[in-house]
């Protein structure tokens, strides 16, 4: 009986998604988040509990890691093509989705892994990571949106996994979890996008830095209790302040435009997800919304 009630509730939830999906993303002012679930991209409006599915590939490709254009009209994202069905190819591409008309075009397609796109604050460029299909490390590129063939390397790491970059709010630099002088060490590095000069911002092990909208804080993952905790760090702090419990792996998170943090955790039912809001000053948490499938990335509309 309990299983039947759960299935009925999920069916009703999906029906609600269909009914409200057409309006999500068109309103101005309300917080809207893009995320990846069930191999496709979605939009959610937590204020009204509304959802909109953006891609409908049914597993023939995998869309992930959306990043917003500063004007809120387009999404750049990673796409992994599958052919035949459910067979993963050894590479991924970068694509661009126009939200007004739904048109999708490839931004970069190479015989390698391109992922972790990040749109510059002025809207002219996209940073991304690229890994070859064989041995070797990862390079971070900056590419003009209007001239995708002109990508240039601004940072290189011998690591092959999870080397991603995000822009500082002033658009002058990128933050990456880069390599320290100690073999195997990971620190937070600032990379000047014009000169490629690097500077260690936080000389301790941390991952996936994300600067706050006002540039006064950095949220990141730090090792904790045989796992990882989401933490926030500000200049002058002796060490990052943990905001969450310890999880086995870093989870999707993102800053909201108003300076709160959001975190995607496993929900209480099946494979569902709960999106939490977190006060970066106190660590106080509340549920923003729930979704019936696992959520693998978050990006809030500027």
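The values are calculated or read from the model by the stated rules, or taken from the named source; none is laboratory data. Small disclaimer: the values here were computed from a predicted structure and weren't measured. Note: ideal-geometry Cβ built from the backbone for every residue, glycine included; neighbour counts use all protein chains shown.
Based on what the data block shows, is residue 81 surrounded by 15 or more Cβ atoms within 10 Å (Cβ to Cβ), farther than 27 Å from residue 257 by Cα and at pLDDT below 85? Spelling it out, residue 81 is indeed surrounded by 15 or more Cβ atoms within 10 Å (Cβ to Cβ), farther than 27 Å from residue 257 by Cα and at pLDDT below 85. Among the criteria (1) over 20 Å from residue 64 (Cβ atoms); (2) surrounded by fewer than 20 Cβ atoms within 10 Å (Cβ to Cβ), the one residue 247 does not fulfil is (1). Working only within the stretch 163-178, note down all residues that are surrounded by 15 or more Cβ atoms within 10 Å (Cβ to Cβ), part of a loop (DSSP other than H, G, I, E, B) and in contact with a strand residue (DSSP E or B) (Cβ under 8 Å, 6 or more places away or on another chain). Passing the criteria: 163, 164, 168. Which one is modelled with the lowest pLDDT, of the residues in the stretch 134-160 that are part of a loop (DSSP other than H, G, I, E, B) and in contact with a strand residue (DSSP E or B) (Cβ under 8 Å, 6 or more places away or on another chain)? Result: 160. Residues that are at pLDDT below 95 and part of a loop (DSSP other than H, G, I, E, B) within the stretch 217-239 comprise 225, 226, 234, 235, 236, 237, 238, 239, listed in sequence order. Put simply, of 52, 74 the only residue that is touching a helix residue (DSSP H, G or I) at 6+ places or on another chain (Cβ under 6 Å) and at pLDDT 90 or above is 52. Scanning the stretch 262-288 for residues that are touching a strand residue (DSSP E or B) at 6+ places or on another chain (Cβ under 6 Å) and either closer than 12 Å to residue 243 by Cβ or surrounded by fewer than 12 Cβ atoms within 10 Å (Cβ to Cβ) (or both) yields 262, 263, 276, 277, 278, 280, 285, 286. Assessment of the stretch 112-130 against the conditions (at pLDDT below 85 and assigned to a loop (DSSP other than H, G, I, E, B)) yields no matching residue.
Count of the stretch 252-268 residues, restricted to those that are part of a loop (DSSP other than H, G, I, E, B) and under 20 Å from residue 281 (Cα atoms), is 6. None of 252, 292 is in contact (Cβ under 8 Å) with a residue 60 or more places away in the chain, surrounded by 16 or more Cβ atoms within 10 Å (Cβ to Cβ), out of contact with any strand residue (DSSP E or B) (no Cβ under 7 Å at 6 or more places or on another chain) and under 30 Å from residue 69 (Cβ atoms) except 292.
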